[in-house]
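The structure's right below; bear with me while I get my questions together.
The values are calculated or read from the model by the stated rules, or taken from the named source; none is laboratory data. Not measured: the values here are computed from a predicted model. Using ideal geometry, Cβ is built from the backbone for each residue, glycine included, and neighbour counts are taken over all protein chains shown.
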Amino acid sequence: MGLLEGRSAVVTGAGRGIGRDIALCLAAEGAKVVVNDVGVSLGGEGTTEDPAAQVCKEIEAAGGTAVPNHDSVSDFEAAGNIIKTAVDAFGGIDIVVNNAATNPVYGPLLQTDDGVFEKIMAVNVRGPLELTKLAHPHLVKRGGGSVINISSIGGISPEPLLGLYSVSKAALISLTKVMAREWGRDHIRVNALCPGLVRTKFSAALWQNEQTLKEFVRTLPLGRIAEPEEMVGLALFLAGPAASYCTGGVYVADGGHIM
């Protein structure tokens, strides 16, 4: 429908999963997209896998415009290159989707250490903060824009064995509200999207265990976990003109898990 025609977007962690589907959707609606993902690795038979470049190819094949970026949001100096990529390629920024996240440990708090805590908070909380601060003057220059922080239902109701991850996502929700409060007069809207369990590589430790999946699904009113594309509708709404009066909101898409 061309809802985002003429706008440009940055989507972090967009090489796979929820970020990938959001990037594809924004591009399909006319936005020019910086596809950020740090993952570049050797694949089968010595080939190089570059998820960001692959998503860009998908966007371009569908008639859209995208450029890849491989900087980590947790490297606060290098993260400026993500913003620079968008400004150099597209002349500015209208939409920021902070989707990149990490969770290097699955277990109780007593089995975690300071290194794990620092890594989770650097990627899941400080990364979105620093990146969006860098984007702020460019959003203002465009007359405002939309920031979407991908949190989690764990940030609302802590999930078993995902303690520090849940803490970081709760902090991201609070950060969302602070940004919305401080930047509203700049016409920058900031909202949080909180997925439930989604069938992605990131959450594979949960849904690939048949017994764990069975027990979890048993509690869901919809009786199933989500697919990545089912997070796209809310993201598109928050990015576009239909959400022009929405800021500081926390939007849940979890199949009824925490209602």
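Can you name the number of the only condition in (1) touching a helix residue (DSSP H, G or I) at 6+ places or on another chain (Cβ under 8 Å); (2) under 20 Å from Gly13 (Cα atoms); (3) crowded, with 16+ Cβ neighbours inside 10 Å that Leu139 fails?
For Leu139, the exception is condition (2).
Sort through Thr47, Thr65 and tell me the only one that's among the polar types (S, T, N, Q) and either buried (at least 21 other Cβ atoms within 10 Å of the Cβ) or modelled with pLDDT under 95 (or both).
Thr47
Counting just the residues of the stretch 101-124 that are surrounded by 12 or more Cβ atoms within 10 Å (Cβ to Cβ) and small (Gly, Ala, Ser), which one comes out farthest from Asp75 (Cα to Cα)?
So, considering only residues that are surrounded by 12 or more Cβ atoms within 10 Å (Cβ to Cβ) and small (Gly, Ala, Ser), the one farthest from Asp75 (Cα to Cα) is Gly107.
Can you say whether Asn191 is in contact (Cβ under 8 Å) with a residue 12 or more places away in the chain, under 21 Å from Gly39 (Cβ atoms) and touching a helix residue (DSSP H, G or I) at 6+ places or on another chain (Cβ under 6 Å), as far as the supplied structure shows?
Judged against the criteria, Asn191 is not a match.
While we're here: Please verify whether the stretch 229-238 includes one or more residues that are surrounded by fewer than 15 Cβ atoms within 10 Å (Cβ to Cβ) and either in contact with a Cys (Cβ under 7 Å, 6 or more places away or on another chain) or at pLDDT 85 or above (or both).
Yes: the stretch 229-238 contains one or more residues that are surrounded by fewer than 15 Cβ atoms within 10 Å (Cβ to Cβ) and either in contact with a Cys (Cβ under 7 Å, 6 or more places away or on another chain) or at pLDDT 85 or above (or both).
Here's a follow-up. Condition check: more than 20 Å from Val147 (Cβ to Cβ), modelled with pLDDT of 95 or more, of a type in the set (A, V, I, L, M) and crowded, with 21+ Cβ neighbours inside 10 Å. Does Ile59 satisfy that?
yes
I'd like the full set of residues that are in contact with a Gly (Cβ under 7 Å, 6 or more places away or on another chain) and part of a helix (DSSP H, G or I), limited to the stretch 5-25.
Listed by number, the list holds a single entry, Gly19.
Working carefully through the options Val38, Val33, Val87, Val96, find the one that is more than 19 Å from Phe202 (Cβ to Cβ), touching a residue at least 24 places away in the same chain (Cβ under 8 Å) and in contact with a His (Cβ under 7 Å, 6 or more places away or on another chain).
Val87
Having 1 or more residues that are β-branched (Val, Ile, Thr) and under 30 Å from Phe90 (Cα atoms) is the bar; report the helices (runs of 4 or more DSSP H) wholly within the stretch 142-259 that clear it.
163-183, 232-239
Out of curiosity, is Ile225 without any contact (Cβ under 8 Å) to a residue 60 or more places away in the chain, of a type in the set (A, V, I, L, M, F, W, C) and either under 17 Å from Gly145 (Cβ atoms) or in contact with an Asp or Glu (Cβ under 7 Å, 6 or more places away or on another chain) (or both)?
no
Of all residues in the stretch 72-123, which are outside any loop (DSSP other than H, G, I, E, B), at pLDDT below 95 and either more than 22 Å from Ala170 (Cβ to Cβ) or not hydrophobic (A, V, I, L, M, F, W, C) (or both)?
Listed by number, the residues that qualify are Gly80, Gly107, Gln111, Asp114, Gly115, Glu118, Lys119.
Return the residues of the stretch 153-176 that are crowded, with 21+ Cβ neighbours inside 10 Å and on the phi > 0 side of the Ramachandran plot; say none if nothing qualifies.
none
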